[in-house]
Structure formats: C-alpha cells, structure tokens
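Since the structure comes first, as structure tokens, the remarks are kept for the end.
Read-outs throughout are calculated quantities, based only on the coordinates presented, and are distinct from any laboratory measurement. Quantities reported herein were computed from a predicted structural model and do not represent experimental measurements. Note that we place each Cβ from the backbone using ideal geometry, even for glycine, and neighbour counts take in every protein chain shown.
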Amino acid sequence: MKSYLSLVPISARVHKRQSRMTRICIVLAVFLVTSIFSMAEMWIRAEQTAMINKHGNYHIILQDVQADAADQIKHRSDIVAFSEYGDINTDADRDYFINGKSVVLYGVEETYLADMMHYPVEGAYPQNDKDIALSADAKELFGFNIGDKVTLNTPLGNFDFMVSAFYEDDAELNELIDGCCAYMGRTAFWAICNLNEENVNPKYYIQFSDRTNLRKAIADIKEQFGLQDENIDENTAVLGLTGASSNETVQNVYPLALACFLLVLISGILMISSCMNSNVAQRTRFFGMMRCIGASKEQIVRFVRLEALNWCRSAIPAGCLLGMAVCWALCAILRLVVKGEFADMPLFGVSVSGIVCGIAVGIITVFMAAHSPARQAAKVSPIAAVSGNTEMEKTVRHAANTKLFKIETALGIHHATAAKKNLFLMTGSFAITIILFLAFSACLDIVHKLLPSESNFSPDVAIGSQENSNSIDLSLAEQLSKIPGVKNAFGTMYKVRLPVKINGIEKVIDLVSYNEFMLESAKKSVASGNLSKVYGDSGYVLSVFSENGRLDVGDKIDIGGHELEISCVVSEGIGSVSGSPVVVCSEETFMRLTGEQGYMMINMILEKGVSETDIDKIRNLAGSDSFIDRREEESEVYSSYWVFRFAAYGFLAIISFITALNIMNSVSMGVSARIKQYGAMRAVGMESRQLTRMIMGEAVTYAFCGMAAGIILGLILHYLIYVKIVVTHFGGTWKIPFSTIAVILLLVSVSCIAAVHAPAKRIRNMAITETINEL
C-alpha cells in the first residue's frame with residue numbers, strides 16, 4: 001500500500017451496501033439534470049423549427065426608417081438576410097383583382113421568400129418588373145401555369161405580367177380573402193403604389209447570423225441610427241427561444257425557469273450530502289482507526305472526497321445514459337404519438353449541453369456534498385475509536401424534553417435536532433420537494449390557460465354565419481341541441497369594433513352575447529366582481545381580461561345612449577375578433593341594445609364517441625352557413641396538455657421518489673449509527689413499539705421542519721409565477737393551492753411511514769446481544 005488513498009477501492013467494495021443509496025442519488029441527480037437539459041434543448045430545437053415555419057426566420061422588422069439608414073444597416077457584417085417589404089390590400093377590401101378574384105400584393109426581395117419565410121417554390125423569383133409570382137393555389141383557382149400572361153386590375157389602371165413562379169404560402173389567408181397573393185420586385189410594386197397613390201411605408205426584415213449577440217446587435221442599431229422601440233418590431237416567437245427578446249412577459253419567464261433549474265441542482269446537493277453524512281456517521285470508528293495508524297486529518301478529508309468521486313465513475317455514466325434514453329423515448333412519443341405542435345421534435349438527438357451539464361452537476365454536487373462529511377470524518381478522535389465510544393464524542397448539554405411527549409418520542413425528536421447539519425440537510429430535502437411541487441403546480445395553470453382543452457369556450461364544432469353577421473336563426477341552436485351526440489349547443493351574437501364611450505372617452509369594443517349556459521360556465525373564471533348582475537335584461541355587463549385593453553369593475557360604458565356598468569371581470573372567455581376589448585352581456589341585453597335577432601355563430605360541445613352520422617346531421621342543418629370542425633385541433637391541444645401534465649407529474653414523481661428514498665436511507669443509517677444505544681435501551685426494558693415511536697419521532701421532526709420551510713418558500717415561488725405570468729397575461733387572482741398542499745401532506749406522511757418501517761423491523765428482528773455487540 002503506497003498511501004492511505006489506496007484503501008479507497010477496497011473500502012468501496014467492503015462498504016458497497018452502505019454506499020448504495022448514495023450512488024443511487026448521484027445517478028438520479030445526474031439523470032434529472034441530463035434529461036431536463038436534453039429535453040429543453042430538443043424542445044427548443046423543435047420550437048425554433050415550428051416558430052420559423054409559422055412566423056418566419058427573421059429576427060426584427062424595421063419600420064419608419066430612412067432609406068439611406070436601411071441601406072447602411074443592410075451591409076452590416078452580422079446580417080445574413082435583408083429584405084424590403086411592402087403590402088397592399090391585405091384586408092381584401094380594395095379593388096385589386098386577378099380574373100375577378102381579390103389579390104393581396106407584396107413587394108419583397110427574394111431573400112424574404114426563400115431565406116425568411118422558406119416558402120416552397122415552383123419556378124423562379126421575378127427577374128424584372130414584368131414578372132410576377134403567385135401563391136400556389138392560383139394554379140387551381142385560375143388554371144395558370146408558369147409563363148402565362150396575367151392582368152392585374154387596380155383601381156386606377158391595369159398591369160400585365162408573366163407568371164414566373166408559384167409559392168406555397170399561407171393557404172388559410174388565401175381562403176379568407178377568396179383569392180390569392182402576388183409577389184413582385186420593388187420596381188413593379190412601387191409603380192403600382194405611385195399610380196394608385198397608395199401611402200405605403202416600406203418595412204425592412206432582418207435576419208442576423210447564428211453567432212450574433214442579438215441583444216447587443218439590436219441595441220447597436222438603435223443607438224447608431226437613433227431608433228426608438230416603436231421603430232423595431234421583434235419576432236418574439238423566435239427571439240424568445242434564444243433569450244434575446246426584450247418583451248417583458250418573455251423576460252419574466254427566464255428568471256423563473258432559472259429558479260426551477262437551481263432548485264433541481266440544490267436538491268441533488270442536499271440528497272447526496274445527506275446520504276454521505278449518514279454514511280460517514282455510520283463509519284466513524286473506521287476513520288478513527290485510520291487516525292490511530294497514522295492518517296492525518298488532511299488525509300482523511302482527501303480519502304472521503306476521493307471515495308465520493310470514485311462513486312462517480314459508474315454513477316455519472318449511468319445517469320447520463322438513463323437521461324438520454326428517457327429523452328429519446330419522450331421525443332419519440334411526442335413526435336410519433338402526440339404529433340401536432342410536437343411534430344418537429346428530433347428523434348435520437350444528442351444534447352451535448354445536457355450531457356455536459358449532467359457530468360458537471362454530478363462532479364460538482366458530489367465534491368460540494370463531500371466537504372462537510374469529510375471534515376466530520378477528520379474530527380473523529382483516535383482515542384474514541386480505540387475505546388469504542390465514537391457515539392459519545394459530543395458533550396450532551398440538554399436532555400430530551402419529556403414535558404410534551406413521552407420519553408421515546410422525545411428521544412426521537414432529540415436525535416433529529418441534535419445533529420444540526422443533518423437536520424438542515426433533511427429539512428432541505430423535504431423543502432425542495434414541496435417547493436418543486438408548488439412551482440410545477442403554477443406551471444400547470446399556465447399550460448391550462450395556454451391550452452384550454454377542457455374549457456367550454458373551445459367548442460368541438462361550430463356553425464358560422466356566411467355573411468359574418470347575426471343572421472343565423474335563434475331556433476337553430478335548439479334544433480342542434482336535440483341531435484344525439486351534441487352535449488350542448490349555444491349561440492353567440494357579435495358586434496365587432498362597436499363605437500362606445502368608456503368613462504366618457506370614445507373607444508371601440510367587441511360586444512358579445514352569452515346565453516345562460518355560457519354565463520354559468522364563466523363562473524369558474526371570475527377574477528373580480530359579481531357575475532349574477534349580468535343575467536337577464538339588465539344594465540350590467542362583464543369584461544374578458546385582456547392585456548391590450550383592460551376594463552375594470554365599475555367602469556361605465558355608453559352604447560348608443562344606453563349606459564352599462566361592468567359588474568364582473570373574467571380571466572377567460574370568447575376572444576376578440578378585432579383585437580378590441582371584449583365586453584359580454586346577456587342575449588336579452590344584446591338584442592335590446594342592438595336590435596339584432598340572430599346569432600353570428602353557434603358553438604357545440606360533443607359527447608365522446610359521437611358518430612359521423614350525427615356530424616352529417618349538423619352539417620346539413622348548417623345549410624349555406626359555414627360548418628367548422630375543430631375536433632382534430634382540440635384533440636391535439638388536449639393531447640399536448642396531458643403530455644405536459646404527464647411530464648410534469650412524472651418529474652415530480654421522480655423527485656418524490658428520491659426524497660422518500662433519501663428519508664428512508666437517512667433514518668435507516670441514523671438507526672445503524674446508534675444501534676448500540678438501541679440495544680442498550682432494549683436491554684434495560686424498552687419495548688419494540690417504543691423504539692418504533694422513537695424512530696417515528698425522528699422522522700416526523702424532519703418532515704415537520706421540511707414542510708414548514710417548503711410550504712412557506714413554495715407559496716412565495718407559486719405566487720411569483722402566478723402573478724408574473726398568469727395574472728399579467730390572463731387575469732384572475734392568486735389563491736392558495738390547498739389541493740396541492742393536501743397532496744404534499746399525503747406524500748410526506750407516506751414517506752415517514754415507509755422510512756420508519758424498515759429500520760424498526762430490523763431492530764425487532766435482532767437479538768439484544770447482537771445489537772450491543774454491533775460494530
């Protein structure tokens with residue numbers, strides 16, 4: 001043996017059973033970090049792909065910028081794609097036609113279509129001012145082919161072009177305008193603008209290179225050219241995923257996400273440190289004997305640290321492999337089973353950052369966790385080790401308090417509180433689990449708001465007025481409700497961008513009617529005020545919370561000389577069609593205010609397993625009005641919501657499992673470290689059930705301290721998440737999550753019972769002489 005450190009592998013083999021729980025904790029800590037960071041990276045990759053496909057691969061849009069400034073910005077070295085942009089007739093309400101169909105005109109550069117929007121193309125971008133590119137549906141709509149001549153009719157003249165390409169762009173927009181889109185070069189576009197006296201301000205789309213510091217680049221452009229915030233429109237969907245968005249709501253998410261990740265890291269440190277403390281406490285005599293044969297305190301410290309790092313050789317690779325396997329499995333489930341918004345999840349993607357973070361966390365947490373146990377081991381007295389009195393090293397200054405509890409329970413509480421460091425670690429283990437539970441509970445509320453799969457405001461099918469007016473007969477809703485498979489059918493009346501006076505100030509609102517069923521459904525979304533006043537023909541209305549146009553209880557609204565008062569604000573409801581604030585009244589009040597006697601839309605909630613025959617009956621009753629089938633979309637939303645819930649609860653289950661194992665292991669090792677004391681107690685007449693109560697008192701002390709700390713800190717984090725995101729974005733008020741706290745209490749209770757059972761059974765099965773002679 002060249003040094004005391006040569007004993008490390010021998011000690012690892014001899015004490016393999018005692019170190020098993022510590023190694024499991026290392027594996028699980030590395031697994032958690034690897035899987036979380038890997039899934040985060042895979043999700044970001046998928047979201048980036050989805051957001052680019054949906055919103056375009058650009059970072060910012062410059063507007064109201066001088067042409068010479070735009071030209072200078074275009075030639076910056078950190079910009080890889082730049083395009084001037086202009087549009088005409090985006091609402092299809094002007095006299096711009098091709099073959100009698102509405103057309104939306106775009107003046108853009110090729111980089112916009114190819115590098116930013118990634119529109120698949122057949123043909124080539126217009127090479128001169130006589131070429132034009134059309135949306136792909138123009139082939140079917142008009143029967144055009146590449147090379148065909150087309151005439152663009154404008155209010156003040158006609159233009160002849162030759163079709164050079166077809167782009168597969170936004171098909172939904174083309175359906176709404178009942179026409180197509182046309183793309184042309186700058187010369188042709190501005191010629192049309194000048195002839196028709198269109199006041200179009202050009203915009204400039206910018207895509208930065210991959211390695212650009214986006215925040216710094218955007219700030220430099222603003223400072224160099226004297227631009228304000230209103231001159232720069234961010235592509236928040238793309239910038240938000242890179243952490244570069246200046247959007248306040250997005251920025252609020254970053255520190256909260258960081259806090260959750262730090263909780264995971266702290267959880268790993270506390271778990272491993274607690275296990276190692278118990279492990280060292282069980283082997284104090286061994287370290288004392290090492291001191292007897294000449295080992296110094298520094299050598300004992302190095303021995304414990306090297307022993308801990310030695311466990312990492314097998315535990316860290318196992319944790320990384322397990323984390324990657326779980327990541328691959330989840331990605332496969334999301335992509336192949338759930339699909340929808342997860343269709344772009346990469347399969348068998350390797351997250352280098354996830355693996356590196358897992359390895360780093362494993363080594364750092366083990367090294368940090370080993371610090372305190374190493375110093376504890378170094379303090380063992382050689383004399384105490386030789387005499388066999390390692391348990392009596394500390395002077396007992398206070399006896400157990402038997403005034404409130406029986407002697408056995410008081411001793412258990414005393415055992416838990418006597419070792420302050422161990423009490424802190426055990427309390428931390430409990431507290432971290434509770435904090436994570438409450439944090440993820442708030443995150444689930446956010447997802448429920450984003451994906452309201454169980455909301456009555458997200459119907460399965462609907463019938464919409466063909467004229468976008470309140471022209472659907474009121475009796476149709478009753479006919480639809482009688483069809484088998486229709487759980488409920490309810491109509492809504494709309495007045496979009498209705499001019500009103502709010503507290504004497506002229507504004508516009510979207511006025512919507514609710515029937516009694518919808519008002520009943522709105523009760524669970526009430527954020528403030530009294531909903532009961534809205535029923536029937538009354539002078540009261542409710543407001544649907546919106547960031548853009550907030551209305552509060554007590555605000556007065558004047559509609560055509562009729563004064564209404566907002567009596568209630570709800571956090572969710574039928575959204576705005578125009579972006580204006582949504583005000584809701586009863587059907588009776590709506591008809592009195594507007595004179596309308598029909599619905600614009602009838603929404604239906606269907607029973608599970610509704611037949612296609614029943615769907616055909618609904619379609620037939622729709623007649624010439626639009627039949628809208630949202631079942632597939634709702635199914636995807638429902639699946640997404642439950643996948644997130646499954647992942648969140650799965651993560652919490654793992655944390656709970658680790659905590660329960662940690663509690664069981666710590667209590668068990670604490671019993672093992674004091675086994676001679678328990679043997680002596682049994683020798684002088686203490687019964688087995690009293691020993692069980694003693695161990696229970698120790699476990700309950702840990703649980704009580706952990707719950708007190710965890711619930712207080714967890715509620716603070718829950719409140720911050722809820723207020724910063726849910727209330728700010730969706731409205732509502734924060735409430736104490738009593739159901740989540742009840743689940744926590746149940747988990748802690750089960751953990752305590754499980755922690756006591758094994759060591760109590762082991763003591764009962766050992767002979768008294770065996771416990772006294774235990775080394």
Amide H contacts under 5 Å for Tyr514, restricted to residues at least 5 apart in sequence or on another chain and with H modeled in the peptide plane, are Cys585, Ser586, Glu587
Computed ³J(HN,Hα) along the range 539-544: with the Karplus parameters 6.51/-1.76/1.60, θ = phi - 60°, integer Hz and x for glycine or proline, the list is x, 10, 9, 10, 10, 8
Per-residue Cβ contact counts at 10 Å, fewest first, order Ile712, Ile502 as Ile712, Ile502
Beyond 28 Å, the calculated P(r) of the range 60-234 holds a percent of Cα-Cα pairs equal to 27 percent
Quick calc: nm separation of the 7 Å Cα→Cβ label points for Asp64 and Asp537 -> 4.8 nm
Amide H proximity to Asp87 below 5 Å, modelled H, separation 5+ or other chain, gives Gly107
If each K or R counts +1 and each D or E counts -1, the residues other than Ile463 whose Cβ falls under 10 Å of its Cβ total 0
Given backbone amide H placed at 1.01 Å from N, residues whose amide H is under 5 Å from that of Asn488, ignoring those fewer than 5 places away on the same chain, are Ile605
Diffing the range 99-109: the Karplus 3J(HN,Hα) column from phi (6.51, -1.76, 1.60, θ = phi - 60°), in whole Hz with x for Gly and Pro, holds 6, x, 9, 4, 9, 9, 9, 10, x, 9, 8
The range 550-593 and the range 284-353 have their Cα centres apart by a whole-number Å value of 57 Å
One finds the C-alpha centres of the range 199-223 and the range 109-131 to be spaced, in Å, by 22 Å
Length-normalised contact order of the range 461-631, Cα under 8 Å, at least 6 apart, in percent, tallies to 38 percent
